[in-house]
Amino acid sequence: MKYLIRTLIAIAVVSLSACANEQPAPKTKAVFMLLDTSGTYTQELEKAQKIINYLLAKLESGDSLAIARIDSGSFSEKDIVAKVTFDPRPSKSNEQKRAFKRNIDSFIKTVKSSPYTDISGGILQASEYLNETGAKEKYILVFSDLKEDLVKGHIRNFSIPLANVNVVALNVTKLRSDNVDPRKYIGRLSDWSTKVVEGGGIWTVVNDLDRLESLIKG
């Protein structure tokens, strides 16, 4: 009987120890922000800096952030301006954030306008990056007027896998043609919403950049 009691106590101690050592997995976030650099939209990029500064302040150790330009007829790794996963050590993480900000500030100052806007290719690349991070919460921020201009012959009418990805359209400015026919603006928003939802994503539009707290949950 004493042996049985000792055994039960030993099992209980091991179980309690295991429970004490079990820590919930951190709810990490990953954000991939696409910057439209076509035409006159480059004049809007200073607003993008405000958003990036917000992200750097909001994201924590273990979170990931990438910024890329939408400037080519075939989106690729070379279009990524900066990317980082923040170190668990606060001092190192803060150092990474300062370096990241310097890279973005330099890019904004020297960026040149592009004749093409491969938004679909950018979102596809962003989706792949987010999945590779293994983050619990995934965000694609699209800073653009959402007018896609592709190299002749390039096909983008395919489904983009966006399961559980929050896709947020930012600063969707109206084009001159939208003022003549507002249905074009409404149509662009509707078309992108459909494409994101069909891919399993969650679509949101945020044009009021003074309300950035609605971008990232938690």
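Take every DSSP beta bridge with both residues inside the range 79-218 and express the antiparallel ones as a percent of the total, to the nearest 5.
The answer is about 10 percent antiparallel.
Give Lys152/Lys174; Lys47/Lys195; Lys147/Lys184; Lys147/Lys174; Lys47/Lys174; Lys47/Lys217 a once-over and call out the pairs whose C-alpha atoms are over 19 Å from each other.
Result: Lys152/Lys174; Lys47/Lys195; Lys47/Lys217 exceed 19 Å.
Quick one: net charge of Lys112's neighbours, Cβ under 12 Å, K/R +1, D/E -1?
+1
Once the piece of chain linking Lys101 and Glu46 is laid out straight, how much longer is it, given 0.36 nm per residue of separation minus the C-alpha distance between them?
Length gained, Lys101 through Glu46: 18.5 nm.
Take the Cβ-Cβ distance between Arg183 and Lys109 as r, set R0 to 30 Å, and report the resulting FRET efficiency rounded to the nearest 0.05.
The calculated FRET efficiency here is 0.20.
Just to check I understand the Karplus step: with θ = phi - 60° and J = 6.51 cos²θ - 1.76 cosθ + 1.60, what whole-Hz values come out for the range 201-208, glycine and proline as x?
My calculation for the range 201-208 gives x, 10, 9, 9, 10, 10, 9, 8 Hz in order.
Tell me which residues come under 5 Å, amide H to amide H, from Ser114 once H is placed; ignore anything under 5 positions away on its chain.
Here the answer is Ser38, Gly39, since their amide H atoms fall under 5 Å of that of Ser114.
Hey, how many Å between the Cα centroid of the range 160-185 and the Cα centroid of the range 187-203?
After rounding, the separation between the Cα centres reads 9 Å.
Translational diffusion coefficient of the range 29-214 at 25 °C, 0.890 mPa s, Stokes-Einstein with Kirkwood Rh over Cα pairs, in µm²/s as a whole number.
146
Show me the trypsin sites (Lys or Arg not before Pro) within the range 61-125 that DSSP assigns to loop and that have at most 14 other Cβ atoms within 10 Å of their Cβ.
Lys112
Give the residue list of GluC sites (Glu not before Pro) in the range 58-116 that are DSSP loop and have at most 15 other beta-carbon atoms within 10 angstrom.
Taking the range 58-116 and a limit of 15 other Cβ atoms within 10 Å, the loop GluC sites (Glu not before Pro) found are Glu60.
Most exposed first by the Cβ proxy, i.e. fewest other Cβ within 10 Å, how do Ile186, Ile80, Ile123 rank?
Ascending Cβ contact count within 10 Å gives the list Ile186, Ile80, Ile123.
Could you work out the local net charge near Leu34, counting Lys and Arg as +1, Asp and Glu as -1, over the other residues with Cβ closer than 11 Å to its Cβ?
Every neighbour counted, the sum reads -3.
If the only charges are +1 at each Lys and Arg Cβ and -1 at each Asp and Glu Cβ, what is the size of the charge dipole of the range 29-214 around the Cα centre, to the nearest 20 debye?
That gives the range 29-214 a dipole magnitude of about 300 debye.
Just in the range 178-218: which trypsin sites (Lys or Arg not before Pro) are loop by DSSP and have at most 13 other Cβ atoms within 10 Å?
Qualifying residues, ordered by number: Arg211, Lys217.
With a Förster radius of 35 Å, plug the Cβ-Cβ distance of Asp87 and Lys152 into 1/(1 + (r/R0)^6) and report the FRET value to the nearest 0.05.
In this case the efficiency is close to 0.20.
The numbers here are math on the coordinates, done by the rules we state, and not lab data. All figures in this text were calculated on a predicted structure; none of them were measured in a lab. Neighbour counts run over all protein chains shown; Cβ positions are idealised from the backbone, glycine included.
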